[in-house]
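**Q** Dropping a structure here in structure tokens format, bear with me for questions.
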Amino acid sequence: MSDESTPEPETAAPPPPPPPAEALDTGYTPGGVPTFDSVREKIENRFGTSVGASELAAETPEGRAADELYEERQRAAAERLAQIRESMRSETD
């Protein structure tokens, strides 16, 4: 062992902490309640999805057949209702 003293490594000051990250918008308050914006966004997404799905469904042959069947039933129901109303008018005269 020699009498030479080993130099102590200089301890550097720890680096400054990074700036605080901006709070992420989770869509909930600290109490766990959904924010108005997050609820509105969910509703808009669901509405857009349903509109898109119905548009896609209407473009398929099955979708067009279902639309035609529905309209045929609506016409038949309107005709039957007109017959019932007419028969009720003739009975009261």
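Laboratory data are not the source of any read-out in this text; all were calculated from the coordinates shown. Remember, predicted model here, so these are calculated numbers, not experimental data. Positions of Cβ are backbone-derived with ideal geometry, glycine not excepted, and every protein chain shown enters the neighbour counts.
**Q** Could you tell me what a quarter of the Cα convex hull surface of segment 27-71 works out to, in nm² with one decimal place?
**A** Convex hull of Cα atoms, orientation-averaged projection: 4.1 nm².
**Q** Could I ask something else about it? Full extension from Ile84 to Tyr70: what is 0.36 nm times the residue separation minus their Cα-Cα distance, to one decimal in nm?
**A** Full extension from Ile84 to Tyr70 adds 2.9 nm.
**Q** For segment 55-61, what does the Karplus curve 6.51 cos²θ - 1.76 cosθ + 1.60, with θ = phi - 60°, yield as ³J(HN,Hα) per residue in whole Hz, taken in order and with x for Gly and Pro?
**A** 5, 5, 5, 5, 7, 7, x
**Q** Apply the Karplus parameterisation 6.51 cos²θ - 1.76 cosθ + 1.60, with θ equal to phi minus 60°, to every residue of segment 64-78 and state each ³J(HN,Hα) to the nearest whole Hz, in sequence, with x for glycine and proline.
**A** 5, 5, 5, 5, 5, 4, 4, 5, 4, 5, 5, 5, 4, 5, 5
**Q** Then there's this: Is the shape of segment 16-93 rounded, prolate or oblate, going by the alpha carbon gyration tensor and its root eigenvalues a ≥ b ≥ c, with a/c under 1.5 for rounded and a/b larger than b/c for prolate?
**A** oblate
**Q** Continuing with this model, one more query. In a shell of Cβ-Cβ distance under 14 Å around Val51, excluding Val51 itself, what net charge do Lys and Arg (+1) and Asp and Glu (-1) give?
**A** Computed value for this residue: -2.
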